[in-house]
Amino acid sequence: MSFLTIDRVTKVYPTANGPATILDGIDLSVNEGEFICLIGHSGCGKSTLLNMVSGFNTPTSGTVTLQGNQIIEPGPDRMMVFQNYCLLPWLTAYDNVYLAVDSVYPAHTEAQKKAIVREHLEMVGLTESASKKPGQLSGGMKQRVAIARALAIKPQVLILDEPFGALDAITKEELQDELLTIWTEHKVTVLMITHDIDEALYLADRLVMMTNGPAAKIGEVLDIPFDRPRDREEIMASNTYIELRNYALDFLFNRYAHLDD
Amino acid sequence: MATSTSKLIIKQRRQGNSNTWIQSQLKKIVPPLAALAVLLVIWQILCPPGSQGLPGPIQIVQGAWDPFIINPFFDNGGNSKGLAIQIWASLQRVFVGFFFSIVVGVGLGILIGSNKVIYRALDPLFQILRTIPPLAWLPLSLAALKDNGAAAYFVIFITAVWPILINTTVGVQQIPQDYVNVKRVLKLSNKTYFFKILIPSALPYIFTGLRIGIGLSWLAIIAAEMLIGGVGIGFFIWDSYNNANLDRIIVALFYVGVVGYLLDLLVLFIGSKIVAEDRK
Ligand SMILES: Nc1ncnc2c1ncn2[C@@H]1O[C@H](COP(=O)(O)OP(=O)(O)OP(=O)(O)O)[C@@H](O)[C@H]1O
Ligand SMILES: [Mg+2]
């Protein structure tokens with residue numbers, strides 16, 4: 001039995017025109033410590049799928065199990081990094097992280113909790129902005145706070161829904177590197193939705209490519225064989241990279257071309 | 001380096017701007033003062049000394065000068081007190097009644113806003129109750145409470161509580177799903193959720209309710225005091241009317257207007273401090 005198992009999951013929403021099948025029989029097994037990226041056209045059901053791992057959504061049929069336990073509700077063992085950060089605007093960066101730590105480690109002493117918060121803010125390079133509120137932080141800094149908050153509570157699975165979609169290219173690369181460093185250190189299992197094939201190829205162990213909705217399935221799963229730690233330039237120059245990239249592009253834009261595109 | 005020079009530039013700009021700041025303030029103050037002066041002149045022309053009916057501004061100032069304009073704090077016992085004392089008596093009633101409407105309005109509003117069943121059950125009732133004019137409550141509260149002072153507090157309370165309650169309810173219902181998701185994934189305790197998410201998120205709505213509530217309270221207390229008597233600006237106006245003293249009425253109306261405006265500003269100021277401080 002693998003660490004995280006998505007077993008014959010379907011999702012049907014009742015709509016005005018009768019039931020709409022969004023996901024139709026999704027099977028996926030994820031090993032502990034794996035880095036999985038999920039790619040697919042807009043609206044195919046990526047968020048829906050990961051929300052069933054985080055517990056914000058429930059499958060119409062099928063099950064999602066983490067270490068043998070069926071997932072039925074959200075919990076800090078499957079922490080989300082939301083696309084729109086979901087920080088509380090009236091709390092400082094420090095207090096946003098502290099809120100999570102305080103809630104998840106009620107038995108820790110004050111000093112221990114403070115140390116955890118500081119350690120994780122430092123990890124994402126935000127020590128100096130710790131006392132700023134989200135309104136005073138840039139998009140990249142907010143996403144760093146969200147990542148610090150997610151990792152500070154040591155989740156078993158870290159779920160990221162297009163975490164870097166709204167960021168400029170440079171900030172995006174910085175955060176990708178930070179995420180990789182953190183992933184290596186924490187050995188956390190990562191599920192991440194992205195629209196960026198290069199990002200997926202740089203980060204993931206496996207790339208899950210979904211077919212178009214309605215009734216989306218997992219079309220193919222690509223193994224990304226590059227050794228770690230990865231060097232961006234080096235892998236991008238390799239033939240394997242170009243092959244994988246073309247393969248994924250062909251999947252998305254020829255075999256499962258979006259009608260609107 | 002870069003930051004220190006940019007700070008310097010900002011400082012210089014501020015100094016350079018201090019004259020323009022005064023100018024912009026003047027632009028705000030001068031027009032209303034000019035308008036006021038024009039209106040007073042027109043009023044004076046329409047109501048010259050010796051004419052019947054409404055006195056002109058000069059007659060009012062002459063008639064009410066001693067003691068009502070120059071000595072707001074005189075106290076000859078009974079109801080014969082300066083306007084500041086009268087106003088203060090009214091304000092005290094408002095503060096007591098308003099305090100209870102904050103406690104009840106915010107408390108019930110949170111309860112109703114967080115529970116759909118209670119909301120569906122009570123909302124129609126509140127929508128009806130809130131349209132009852134404040135003074136319509138007065139006979140009932142006088143009869144039930146058998147005490148003028150308590151009846152006045154009750155009228156203030158029942159007037160201000162609806163906007164506070166209804167706005168708080170909406171504020172709690174409008175808490176963004178994002179924040180609720182944070183609560184759910186972190187499994188925040190109810191206490192933490194209440195203080196760290198619910199209250200800060202609903203605060204702007206609560207303050208909107210408070211601002212409407214304090215305005216309505218001030219409207220209600222003046223009218224209520226006319227009926228219940230005693231020290232207070234409302235009864236002072238009624239008493240002056242019975243003595244056919246229009247000068248005093250008009251001076252008192254001026255006070256009522258200014259105090260109502262200041263109350264509004266006060267709530268607005270506290271609200272902007274607390275809410276803006278939060279979201280900076
Ligand atoms: N509550 C709902 N009721 C009906 N349909 C829904 C509901 N929630 C989502 N859907 C539909 O499910 C489909 C998948 O949505 P989802 O958000 O998972 O897509 P996505 O792959 O994450 O897209 P994007 O890349 O744009 O974020 C969409 O077509 C959407 O309209
Ligand atoms: Mg999505």
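The values are calculated or read from the model by the stated rules, or taken from the named source; none is laboratory data. Here the structure is a predicted model, which means the values were calculated and not measured. Here Cβ is always computed from backbone atoms with ideal geometry, including for glycine, and neighbour counts include all displayed protein chains. We work out accessible area using only protein heavy atoms, side chains counted, and drop any ligands, DNA or RNA first. Shrake-Rupley method; radii C 1.70, N 1.55, O 1.52, S 1.80 Å.
A few remarks follow.
- Among the residues of the range B:174-199, those with an accessible-area drop of 50 Å² or more from chain alone to full protein complex, heavy atoms and 1.4 Å probe, are B:Asp178, B:Tyr179, B:Val182, B:Arg184, B:Val185, B:Leu186, B:Lys187, B:Lys196.
- Convex hull per residue volume in Å³, alpha carbons only, for the range B:65-115: 72 Å³
- With a 10 Å cut-off around each Cβ of A:127-133, the average count of Cβ atoms from other chains is 1.
- Once A binds B, the 1.4 Å probe can no longer reach about 1900 Å² of accessible area, counting both sides.
- Ordering B:Leu122, A:Pro106, A:Met192 by the projection of their Cα atoms onto the charge dipole of the protein assembly as shown, which places +1 on the Cβ of Lys and Arg and -1 on the Cβ of Asp and Glu, puts B:Leu122 at the extreme positive end.
- For the range B:116-223, the set of chymotrypsin sites (Phe, Trp or Tyr not before Pro) satisfying both a DSSP loop assignment and a count of at most 15 other C-beta atoms within 10 Å is empty.
- Shielding by partners, peptide A:74-84 (average Cβ within 10 angstrom, other chains): 3
- Mean-position separation - Cα centroids, the range A:1-49 and the range A:111-187, in angstrom: 26 Å
- Listed residues A:Gly139, A:Gly18, A:Gly45, most fluctuating in chain A (Gaussian network, C-alpha, under 10 Å): A:Gly18
- Alpha-carbon radius of gyration plus Dmax, which is the widest Cα pair, for chain A in Å: 18.7, 56
- Once the convex hull of all Cα atoms in the protein assembly as shown is built, its volume per residue stands at 258 Å³.
- Positive-end extreme of charge dipole, the range B:68-278 - chosen from B:Val170, B:Ile250, B:Trp238 (charges on Cβ): B:Val170
- Partner chain coverage, peptide A:88-101 - average Cβ within 10 angstrom: 3
- Residues whose placed amide H lies under 5 Å from that of A:Leu38, excluding near-sequence neighbours: A:Met192, A:Ile193, A:Thr194, A:Val208
- For the listed residue pairs A:Lys132/B:Lys196; A:Lys154/B:Lys187; A:Lys172/B:Lys183; A:Lys132/B:Lys187; A:Lys46/A:Lys187; A:Lys114/A:Lys154, the alpha carbons are over 22 angstrom apart in A:Lys172/B:Lys183; A:Lys132/B:Lys187; A:Lys46/A:Lys187.
- Nearest-20 debye value, the protein assembly as shown charge dipole, Cβ charges on Lys, Arg, Asp, Glu: 1940 debye
- Residues B:Trp238, B:Trp21, sorted by accessible area with the largest first, give B:Trp21, B:Trp238 [1.4 Å probe; ligands and nucleic acids excluded].
- Kyte-Doolittle at least 0.5, axis length at least 18 Å by Cα - qualifying DSSP helices, chain B: B:83-114, B:116-129, B:148-173, B:199-228, B:246-279
- GNM flexibility winner over chain A from A:Pro163, A:Pro229, A:Pro74 (Cα, springs under 10 Å): A:Pro229
- Applying both filters, DSSP loop and at most 11 other Cβ atoms within 10 Å, to the trypsin sites (Lys or Arg not before Pro) of the range B:114-216 gives B:Lys146.
- Chain B - mean residue ellipticity at 222 nm from DSSP helices (-39,500 (n - 2.57) per run, n ≥ 4, rounded to 500): -28000 deg cm²/dmol
- Rg and Dmax, both from the Cα atoms of chain B and both in Å, are 24.5, 78.
- Heavy-atom accessible surface of chain A: percent carbon and sulfur, 1.4 Å: 50 percent
- Rounded percent of accessible protein surface that carbon and sulfur make up, the range B:68-278, 1.4 Å probe: 69 percent
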